[in-house]
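Comments concern the structure below.
Values in this text are rule-based calculations from the coordinates and carry no lab data. Just so it is clear, the model here is predicted, and its values are computed rather than measured. Neighbour counts are summed over all protein chains in view; Cβ atoms, including those assigned to glycine, are modelled from backbone coordinates with ideal geometry.
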Amino acid sequence: VQLVGTLNAAVWLGGAVFFTFIAGPAFFDPTLEAVLPKPEDGVAARFLIG
């Protein structure tokens with residue numbers, strides 16, 4: 001049970017770090033502005049989060 005709890009915490013922490021520092025800011029990168037203009041980049045990021 002302790003191993004499962006530790007693995008669960010590691011997966012959640014890894015997911016939170018990934019979405020906070022990699023996936024989230026990628027939508028607001030200036031190079032993506034041609035594909036996703038300003039209002040749509042926030043909508044796309046919101047769909048990614050759920």
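In the chain, the longest principal axis of the Cα atoms and the axis of helix 2-18 are about 10 degrees apart. Share of Cα-Cα pairs in the chain beyond 14 Å, in percent? In whole percent, the long-distance tail amounts to 59. FRET efficiency for the pair Arg46 and Val4, taken as 1/(1 + (r/R0)^6) with r the Cβ-Cβ distance and R0 = 25 Å, rounds to 0.20.
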